[in-house]
Amino acid sequence: MRINEADKKFLSLSADLETLKAPELDSPPAQRLPEVIETVSTMLLDIEKNGIDAVIKYARNLDKWEGTDFELSAADLAKTGDNLSPELRLALETGAARTQAFAKEQRKHLVDFEAELSPGTVTGQKYIPISRVGAYMPAGNFPILASAFMTVGVAKVAGVPMAMACTPPMSPTAGNDAVLYSAFLSGVDRTFIVGGVQALAAMTFGLLGEKPVDILVGAGNAYVTEAKRQLFGRVGIDLLAGPSEVAVIADETADPIIVAADLLGQAEHGKQSPASLVTTSRELGLAVIKEVERQLETLSTEYIAGPAWRDYGTVYVAATPDDAIEIMNYLAPEHLEVITKDDSYYQERLTNYGSLFIGPWSTVAYSDKGISGTNHVLPTGGGAKYSAGMSVGRFLKPLTYQRSTKEATMSLAPHVSAIGGYEKMEAHKITADLRIERL
């Protein structure tokens, strides 16, 4: 998330853009490494050819799995919450409930309809759930506990009859209890302790006692993302997420301590996670830069957030609110916070973002952890210019249909005959002409 000299020619700013902090690296944060592509290709071909035996091989070699059955029984899944502190258990239960509540509100507004566009021709649309969903739930050094809420939980609200999930083992025989309890709360149908590329391949190729899934969802490392990329077409996917992003629009009324903390809150995701501030106040921009460095001194994850801020962090000074809006719409960040004296002005005019957080009392972390209810599976790398994040609609197919009467023939067939004749698509023309003759 940066504005280069080449980008400026596409912006109609009222004044020159001042850069208070530029990224140290001049390369994009998300890169497809050749070794990752080759490794994933080899694994997928092996698993497709050799089936569950190859899945077991990779589970043992890569994840040190020593169990006898990948699947976790429903009874054992339900018990995973017993191993958690009361505070964490309550937080997960709250997050699961709120995420599903928001998805239910979304579903209410996706309405089947019929309309008679011309006399005798009725057209319509009906929302049909995807049949089979495969969710990946990461659980490495930073387990994403809300992942199941965003994927499995929303899929079940959409009416998906079979939602299965895979999560990597955290010991020779078990997964992460908090991740698994989140899956339980989300209504998962079947759960498997298997990670990485082999998990996505197993769900796609139907190697876990279920038919192949229709869509793969959920975040993961570079290998998981590349597997989704290579499997796309055979199955659907949610999106190809790059490093997590955060951007903040702030003016002189914002608290630099809050702004700095929220920038670091997403930089903590990974060393390639960009964080960007666009401000109409040079003084605030300088204060935030100073405050970020101060907070990094005592941050336990400085070894991640520090390089992310140094290498990919940016601070820009815009001359006017409208300039700040234009810059942010160009950057199209995954997460966007607005902390100004007139937040509604910005909200009405911002169009390109994954999810918007309005005012100093809203922080990205509320959504990240599933507590505010909105989905945290969002487009990165400028994808917010043309797509949106995960929603209940991602698990629903808006299928269209039409029904024409005999009396409608002359309002349809002659036009189709004329177009088909011009295109020299005779068979199309005949289908219309036959109906004119029969009429």
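The values are calculated or read from the model by the stated rules, or taken from the named source; none is laboratory data. Not measured: the values here are computed from a predicted model. We place every Cβ from the backbone using ideal geometry, glycine too, and count neighbours over all the protein chains shown.
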Query - Conditions (1) among the hydrophobic types (A, V, I, L, M, F, W, C); (2) without any contact (Cβ under 8 Å) to a residue 60 or more places away in the chain; (3) surrounded by 14 or more Cβ atoms within 10 Å (Cβ to Cβ); (4) assigned to a helix (DSSP H, G or I); number of the one not met by Ala408 - result: (2)
Requested in this report: Have a look at Glu326, Glu334 and point out the one that is closer than 28 Å to Leu25 by Cα and over 17 Å from the mean Cα position of the chain (by Cα).
Outcome: Glu326
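Could you pull out every one of the helices (runs of 4 or more DSSP H) wholly within region 49-138 that has 3 or more residues that are surrounded by 15 or more Cβ atoms within 10 Å (Cβ to Cβ)?
On the way: elements: 52-63, 74-79, 86-108.
Ranges flagged: 52-63, 86-108.
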Query raised in the report: Here is a list of conditions, (1) assigned to a helix (DSSP H, G or I); (2) farther than 24 Å from Asp189 by Cα; (3) touching a residue at least 40 places away in the same chain (Cβ under 8 Å), and Arg32 meets all of them except one; can you say which number that is?
Result: (1)
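Gly270 - would you say it is touching a Pro at 6+ places or on another chain (Cβ under 6 Å), under 30 Å from Val179 (Cα atoms) and at pLDDT below 95?
yes
With the requirement that a residue be assigned to a helix (DSSP H, G or I) and crowded, with 21+ Cβ neighbours inside 10 Å, what does region 296-315 give you? Write out each step before concluding.
Of region 296-315, the ones assigned to a helix (DSSP H, G or I) are 296, 302-312.
Ala305, Ala308, Trp309, Tyr312, listed by residue number.
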**Report entry** Residue ID - surrounded by the fewest Cβ atoms within 10 Å (Cβ to Cβ), chosen from residues in region 170-221 that are in contact with a Cys (Cβ under 8 Å, 6 or more places away or on another chain) and assigned to a helix (DSSP H, G or I)
**Finding:** Met203
Report task. State whether one or more residues within region 316-328 are surrounded by 20 or more Cβ atoms within 10 Å (Cβ to Cβ) and within 30 Å of Val392 (Cβ to Cβ). Result -> yes
Query - Residues being touching a Pro at 6+ places or on another chain (Cβ under 9 Å), basic (Lys, Arg) and under 23 Å from Ala332 (Cβ atoms) - total across region 364-400 - result: 1
Requested in this report: Answer yes or no: is there a residue in region 232-241 that is within 22 Å of Thr80 (Cβ to Cβ), in the same structural domain as Gly153 (by TED's automatic domain parsing) and not in a helix (DSSP H, G or I).
Outcome: no
